[in-house]
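This report concerns only the one structure given below.
The values are calculated or read from the model by the stated rules, or taken from the named source; none is laboratory data. Predicted, not measured: the structure shown is a model, and the values here were computed from it. We place every Cβ from the backbone using ideal geometry, glycine too, and count neighbours over all the protein chains shown.
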Amino acid sequence: MKDKQALKIELIKQLEAALATARAAHAAAIEGSTHEEAKPENDKDTRGLEQSYLARGQAQRVAENEAALGDVTALVLRELGPTSTVAMSALVTIDEDGTELVLFISPSGGGNVLADGVQVVTPNSPLGRALLGKKLGDDVELQLPGKLRSFVVVQIR
């Protein structure tokens, strides 16, 4: 398993790629909104207006991706051990009915999967909120729509 620094670098690369994609989509939306074909042909034609709404949405996505990248870049990696509680930058292994899952607690990038199947979880997610402050051996219950999931914290690094 990779160390936390390598995981952080991998996550930063994934966020940089998402930012580049968002910037390209934003540029395309701006071009579409100002293109000759977007000019209204009559008072009911809203193509240009729709393109401008799309450009605004893409601009928000760029800003969100920039913030996420900044948050992860600034993340201080703490050394945690068996007596620590789950906190930001923790690498946590949980067990659910004999299946182990390794999670990296990060301020942004939730849902990304890193090397060796490490799943990024943010404190804003239900699982992230449930894990924060837990100790080795603690049970974690997570109520999801129509389902109760139970985990045990088996390692904190």
- Enumerate the pairs (first residue in the range 139-157 and polar (S, T, N, Q); second residue anywhere and surrounded by fewer than 16 Cβ atoms within 10 Å (Cβ to Cβ)) with beta-carbon separation below 6 Å, excluding pairs fewer than 6 apart on the same chain, so at least 6 apart or on different chains. 150/141
- Item | Subset of the range 92-132 that is under 15 Å from the mean Cα position of the chain (by Cα) and in a strand (DSSP E or B) - its residue that is surrounded by the most Cβ atoms within 10 Å (Cβ to Cβ) | 121
- Query: Of all residues in the range 112-140, which are out of contact with any Pro (no Cβ under 7 Å at 6 or more places or on another chain), within 17 Å of residue 85 (Cβ to Cβ) and charged (D, E, K, R)?
  - Reply: 134, 135, 138, 139
- Message: Suppose we filter 59, 38, 28, 90 for residues that are at pLDDT 95 or above and at negative phi; which single one remains?
- Response: 90
- Of the numbered conditions (1) polar (S, T, N, Q); (2) modelled with pLDDT under 95; (3) buried (at least 16 other Cβ atoms within 10 Å of the Cβ), residue 155 fails exactly one; give the number of that condition. (2)
- Query: List the pairs whose first member sits in the range 2-24 and is more than 14 Å from residue 74 (Cα to Cα) and assigned by TED's automatic domain parsing to the domain that holds residue 69, whose second member is among the polar types (S, T, N, Q) and in a helix (DSSP H, G or I), and whose Cβ atoms are under 7 Å apart, counting only residues at least 6 apart or on separate chains?
  - Reply: 18/65; 19/65; 22/58; 22/65
